[in-house]
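To start, the structure itself, in structure tokens.
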Amino acid sequence: MDLFTLWLWPLVALIALPAILVYFGLHVVGRGIIFVDLALAQIAALGIATAVLLGAHPDHGVLPYALAIGFTLAGAALFSLTRFRHPRVPQEAIIGIIYIVAAAAATLVLSRTAAGDEEIKNLLVGNILLVSRSEVLRTLALYLAVGALHYFLRRKFHLLSFDTEEAERQGMSIRLWDFLFYATFGLVVTSFVRIAGVYLVFSYLIVPAVCGALLSSRTAARLAIGWGVALTAGVTGLLLSTQWQSMDLPTGPTIVCLFGGFLILSGATAFGRSRRASKSAS
């Protein structure tokens, strides 16, 4: 009962919020731009760091959220403009550069504050146990709105991520639709960074999607597998960190390590399947 009384809203956050992160993860993996979510999360963190430098509390008030959104939308515009075909410079390289520059800039900004080291740790690792009822409900409402938009425009976004040539043939403005994708993606990432930190955002976006891709070729099955992995890792990590008191485990890193375990298990399962298939064929 302690789990449901003391950690009710962290539990709700870990059950309800990651669903849309897994969906976006499928698109990110499909596009082959694995670090775009990490880069957007770091850009949002830079916005929060700037608000801290200006005297705001990172977890309260309008300024941190407003600057995080503003920085993220700027990042979304930059990513949509850098989607070009170059034989020697893949977009992933540009994304990686933007990520490391944003990370370095956030460190520089927070070095000018009184509690810089602690704030850097909070932005990276977060503390899901401190999430409040209002934060969960506000974030859930945002995710439902973004999810509804993507549901109604799902065919456009699917072409954008998985069949760009067909999207161009249909006359879609790739950069305009890219900006809409990255802007909504950025809103989701920014909200979850404030709750759980950069590392957990990256894990929820990438690991479930990769597990699904290893185990199935069908989009619906990948999504279902990803949701199952996200739900199991999140709830199990919360249980281990809150109920296994002798270990005193931090919740966020515990969940991230569990994701690593699920990835290994998925990889081993996929390898076993391929071995059996090859033996059957021979």
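Coordinate-derived values only; no laboratory data. What you are looking at is a predicted structure, and each value in this text was computed from that prediction instead of being measured. When we count neighbours, we look across all protein chains shown, and the Cβ atoms used for this are built from the backbone with ideal geometry, even at glycine.
Report the relative contact order of the chain, percent, no decimals, based on alpha-carbon pairs under 8 angstrom and at least 6 residues apart. Write down the numbers at each step before the final one.
On the way: 364 pairs, mean separation 80.5, N = 282.
Averaging sequence separation for qualifying contacts and normalising by length gives 29 percent for the chain.
Can you give the convex hull volume of the alpha carbon atoms of segment 2-271 per residue, in Å³? Walk me through the numbers before you get to the answer.
On the way: hull volume 36.0 nm³, N = 270.
Each residue corresponds to 133 Å³ of Cα convex hull volume.
So how strong a dipole does the chain carry about its Cα centre when Lys and Arg Cβ are +1 and Asp and Glu Cβ are -1, to the nearest 20 debye? Numbers along the way, then the final one.
Details: 20 positive and 14 negative charges, 211 e Å.
Magnitude of the dipole: close to 1020 debye.
Roughly speaking, what is the stretch gain from Thr164 to Ala77, that is 0.36 nm per residue apart minus the C-alpha to C-alpha distance, in nm to one decimal?
Details: separation 87, 0.36 × 87 = 31.32 nm, distance 1.85 nm.
Going from the current span to full extension adds 29.5 nm.
Determine, for each peptide in 208-216, 223-231, 235-243, 102-110, the mean count of other beta carbons within 10 angstrom over its residues, then list the peptides with the highest first. Don't jump to the answer; show the numbers that get you there.
Numbers: 208-216: 23.1, 223-231: 20.9, 235-243: 17.8, 102-110: 19.3.
Top of the packing list down: 208-216, 223-231, 102-110, 235-243.
Peptides 266-277, 158-169, 69-80: what's the order by average Cβ count within 10 Å, highest mean first?
For the peptides 266-277, 158-169, 69-80, the packing ranking is 69-80, 158-169, 266-277.
By per-residue mean of other Cβ atoms within 10 Å, what is the highest-first order of 91-98, 34-41, 254-261?
On the way: 91-98: 17.0, 34-41: 25.6, 254-261: 18.9.
By packing density, highest mean first, the sequence is 34-41, 254-261, 91-98.
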**Asked** Which order results if Val188, Val28 are arranged by neighbouring Cβ count within 10 Å, fewest first?
**Response** Val28, Val188
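So for segment 128-282, considering every pair of alpha-carbon atoms, how many percent are separated by more than 25 Å? It would help to have the intermediate numbers written out before the result.
On the way: 5256 of 11935 pairs.
Tail fraction, whole percent: 44.
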**Prompt:** Quick one: if you stick a label point 7 Å off each Cα along the C-beta vector at Ile174 and Thr219, how many nm between them?
**Reply:** 1.9
